[in-house]
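Written below as structure tokens is the structure these notes are about.
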Amino acid sequence: DAGVIQSPRHEVTEMGQEVTLRCKPISGHDYLFWYRQTMMRGLELLIYFNNNVPIDDSGMPEDRFSAKMPNASFSTLKIQPSEPRDSAVYFCASSLSYSPLHFGNGTRLTVT
Amino acid sequence: AQTVTQSQPEMSVQEAETVTLSCTYDTSENNYYLFWYKQPPSRQMILVIRQEAYKQQNATENRFSVNFQKAAKSFSLKISDSQLGDTAMYFCAFRSVQGAQKLVFGQGTRLTINP
């Protein structure tokens, strides 16, 4: 099992540009989560899906953020337009019900 | 809403010592899951140990064990015979089994093991 796969590992972009982060969950997992980690705010849940359906997006900071899960094996988190305060590490995680989350290696986003 | 609190932002011990990391949580539910995750400098999130609330027996994984006090809503992690490789951020986390199954994290404890 390859685990949760995130891409890219690092992303550097300029303010105002669109950023797309990608995630491939573990096969068979029915939950997918997007978290953001910063020094100031720790680990924040942005959104999570169950069976490809968004369940709770209350953590999405602004309309600039959007997430999709078109099928069971792929999800994207998009920021448009990006701002310097979006700089953080973004984690994707997947799981079965009532089970621990398995995390990807994260994407470090830097917006200049 | 559930909350998880880790009251020790940083801890430091000597190699081979035993260290205990504290975690408390708030919930009105009777059944749930608790986890400790480790995040070394590589930034990977690694599951250390899990505890089901309906189990009275404390979970143990090699040098790692928990002290789960359900009535007190406390879930501490004990690391015995600490090793340099244990240096990391440690996060306590709560997962409900009812309705929303999101994982709620504490703020983390930065643990340093000194040689």
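Calculated translational diffusion coefficient of segment B:45-115 (25 °C, 0.890 mPa s; Stokes-Einstein with Kirkwood radius over alpha-carbon pairs) equals 181 µm²/s. Computed from the C-beta positions of residue A:85 and residue B:2, the FRET efficiency with R₀ = 22 Å rounds to 0.25. Note on chain A: percent of Cα-Cα distances in each 5 Å bin, starting at 0 and stopping at the bin with the largest distance, equals 2, 13, 24, 27, 19, 10, 4, 1. Residue pairs exceeding 25 angstrom between C-alpha atoms, taken from A:68/B:38; A:24/B:102; A:24/B:73; A:24/A:78; B:70/B:102: A:68/B:38; A:24/B:73.
Each Lys or Arg adds one and each Asp or Glu takes one away; over the other residues whose Cβ falls under 13 Å from the Cβ of residue A:9, this sums to +2. Summing +1 for each Lys or Arg and -1 for each Asp or Glu among the other residues whose beta-carbon sits under 15 angstrom from that of residue B:53 gives +2. Segment A:64-112 and segment B:37-101 have Cα centres lying 24 Å from one another. Taking chymotrypsin sites (Phe, Trp or Tyr not before Pro) across segment B:32-106, the ones in a DSSP loop with at most 15 further Cβ atoms lying within 10 angstrom of their Cβ are B:54.
If you add up the charges near residue A:39, with Lys and Arg at +1 and Asp and Glu at -1, over every other residue whose beta carbon is less than 15 angstrom from its beta carbon, what do you get? Charge balance in the 15 Å sphere: +3. The relative contact order of segment B:45-115, computed from alpha carbon pairs under 8 Å that lie at least 6 residues apart in sequence, is 21 percent.
Just so you know, all these numbers are worked out from the coordinates, no wet-lab data involved. Small disclaimer: the values here were computed from a predicted structure and weren't measured. FYI the Cβ positions are ideal-geometry reconstructions off the backbone, even for glycines, and counts take in every protein chain you see.
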